[in-house]
Amino acid sequence: MSRLLEVALGARSYPIHIGAGTIHRAGALLQALPSRRAVVVSNATVAAHWLAPLRASLAEGGFRSDVVLVPDGEAHKSLATLSDVLTRLLELAAERQTVLVALGGGVVGDLAGFAAAIYQRGMPFVQVPTTLLAQVDSSVGGKTAVNHPLGKNMIGAFWQPRAVLVDTDCLRTLPDRELAAGAAEVIKAGAIRDRAFFDWLDGAIGAIGARDAGALEHAIFESCRIKAEVVAADEHETGERALLNLGHTFGHAIENAAGYGAWLHGEAVAAGMVIAAQLSVRVAGLPLADAERLEALLARAGLPVAPPRLPLARWLELMSRDKKVEAGVIRFVLLEALGRAVLRRGVSAADLAAVLDGAAAN
């Protein structure tokens with residue numbers, strides 16, 4: 001049986017089901033949806049493992065399903081691929097109440113979610129995340145988007161799913177590099193809001209890397225719990241929700257500079273968190289020992305902790321397009337302590353230059 005969480009958003013509230021075999025119960029878990037017609041968006045890599053059982057379960061629940069496959073990889077989270085998905089929905093005569101089901105990692109979830117937000121001005125959709133990163137982060141909270149050559153996730157919408165089905169069995173087929181990338185978002189959750197969870201991760205990261213079922217389920221549940229609490233308090237990121245972006249301002253710049261897909265999102269976020277922690281030591285009072293502990297945990301998870309070397313002007317150019325920029329000023333998510341994040345503006349160019357130069361020299 002799966003464990004249950006709720007993202008409490010009033011009329012837009014929805015459940016998160018977490019556990020082994022959840023895909024095989026999808027048809028039963030989605031009975032409250034308004035239509036018995038579904039379109040599953042996935043890619044060939046994921047579909048080879050999980051499309052058949054998902055469609056079989058949907059059929060058992062009375063759903064008729066069609067399939068739209070998109071290319072695999074961050075480079076394809078684009079307006080061009082979005083247009084292809086919308087064209088297929090039109091060709092399939094999908095209706096406003098047709099359920100769009102995103103089966104895949106963060107790219108599929110973001111892309112399908114954005115398509116659901118704008119097709120006929122909004123259709124219901126369900127997240128079935130198959131990577132650790134998607135299970136603990138991108139599938140929850142209703143952020144949907146595609147990338148633009150000038151910035152990551154810059155074109156999108158807030159569109160909440162009707163349900164999130166997290167099947168921990170999917171992690172059996174996940175490459176080691178993808179598992180590590182997901183661990184970055186798990187570590188982030190503890191670092192911003194829950195010191196006790198961070199402490200647990202410090203002792204359990206080996207078990208997570210070894211795919212221990214109990215450790216993975218606990219890590220996913222706690223990460224989703226933390227994110228659900230933050231999203232419920234600030235759905236549209238007007239304040240507290242921005243704290244979920246620890247490491248992301250730097251991480252998105254790394255992804256853009258390297259070319260989408262060269263660094264996995266979680267890898268870039270890991271290096272970004274190290275920079276943010278070093279900046280936090282300089283300007284937010286984070287104890288140096290906490291910054292070193294965070295960096296060590298990320299390294300033990302198999303993640304990169306040093307960014308590529310870029311000129312300061314290039315960093316500033318890339319970060320100036322961050323969604324946390326207000327009135328031309330970059331706001332940074334920093335740590336006062338492990339488990340306590342804050343949003344700061346007015347960080348000096350000198351402090352930025354010092355930490356970026358030091359991080360790249362590691």
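Worth pointing out:
- Backbone HN-Hα couplings from phi across the stretch 82-87 [Karplus 6.51/-1.76/1.60, Hz, Gly and Pro as x]: 4, 4, 4, 5, 5, 4
- Listed residues Ile187, Ile118, Ile254, most fluctuating in the chain (Gaussian network, C-alpha, under 10 Å): Ile118
- Which of Ala47, Ala134, Phe114, positive extreme of dipole for the chain (C-beta unit charges): Phe114
- Span from the the stretch 309-347 Cα centroid across to the the stretch 174-188 one, whole angstrom: 23
- What the Cβ-Cβ distance of Thr173 and Glu6 gives, at R0 = 30 Å and to the nearest 0.05, is a FRET efficiency of 0.60.
- With Cα atoms, 0 to 90° folded angle of helix 248-258 axis to the chain main axis: 80
- Angstrom value of the Kirkwood radius, inverse mean 1/r, which spans all Cα pairs in the chain: 20.4
- Placing +1 on the Cβ of every Lys and Arg and -1 on the Cβ of every Asp and Glu, with no other charges, gives the chain a dipole of roughly 640 debye about its Cα centre.
- Taking Cα centre as origin and charging only the Cβ of basic (Lys, Arg, +1) and acidic (Asp, Glu, -1) residues, the dipole magnitude of the stretch 3-173 rounds to 360 debye.
- Distance between the 7 Å Cα→Cβ label points at Ser83 and Gln31: 4.3 nm.
- Å³ per residue enclosed by the Cα convex hull of the stretch 264-362: 100
- The stretch 176-360, Cα convex hull volume normalised per residue, Å³: 104
- The gain in end-to-end length when the Ser320 to Ala210 segment is fully stretched comes to 35.7 nm, 0.36 nm per residue minus the alpha carbon separation.
- Lys143 long-range amide H proximity, modeled H, under 5 Å: Trp159
- Remark: the stretch 112-206 is approximated by an ellipsoid whose semi-axes, taken from the C-alpha gyration tensor as √(5λ), come to 27, 15, 14 Å, largest first.
- Applying the Karplus relation 6.51 cos²θ - 1.76 cosθ + 1.60 with θ = phi - 60° to the stretch 14-23 yields 3J(HN,Hα) values of 8, x, 10, 9, 10, x, 6, x, 4, 4 Hz, where x marks Gly and Pro.
- A cut-off of 5 Å between modelled amide H atoms, ignoring neighbours fewer than 5 places along the same chain, links Val101 with Val39, Val40, Val41, Val126.
- Pair Ala93, Ser348: separation of 7 Å Cα→Cβ label points (nm): 6.8
- 0 to 90° range, to nearest 10: angle between helix 176-193 axis and the chain longest Cα axis: 70
- 5 angstrom amide H check on Arg331, placed H, neighbours 5+ away: Val325, Glu326
- Over the stretch 66-141, the fraction of Cα-Cα pairs per 10 Å bin, rounded to whole percents and listed from the shortest bin up, is 21, 56, 23, 1.
- Each Lys and Arg Cβ is given +1 and each Asp and Glu Cβ -1; about its Cα centre, the stretch 317-362 then shows a dipole of about 260 debye.
- Computed over the chain with a Gaussian network model linking Cα atoms closer than 10 Å, the most mobile of Thr249, Thr144, Thr98 is Thr98.
- Here the 3J(HN,Hα) profile of the stretch 333-343, calculated from phi with Karplus coefficients 6.51, -1.76 and 1.60 at θ = phi - 60°, is 8, 10, 10, 7, 6, 5, x, 9, 9, 9, 9 Hz, Gly and Pro shown as x.
- Cα point-scatterer Debye curve for the stretch 200-303, base-10 log of I(q)/I(0) at q = 0.19 Å⁻¹: -1.20
- Helix content alone sets the calculated 222 nm mean residue ellipticity of the chain: runs of n ≥ 4 DSSP H residues at -39500 (n - 2.57) each, divided across all residues, give -14500 deg cm²/dmol.
- Kirkwood analysis of the Cα pair distances in the stretch 3-173 returns a hydrodynamic radius of 15.5 Å.
- Degrees separating the helix 349-360 axis from the principal Cα axis of the chain, which is the longest one: 70
Read-outs: derived from the displayed coordinates by stated rules, not from any lab. As the structure is a prediction and not an experimental result, all values here were calculated from the model. Cβ: placed from backbone, ideal geometry, glycine included. Neighbour counts: every protein chain shown.
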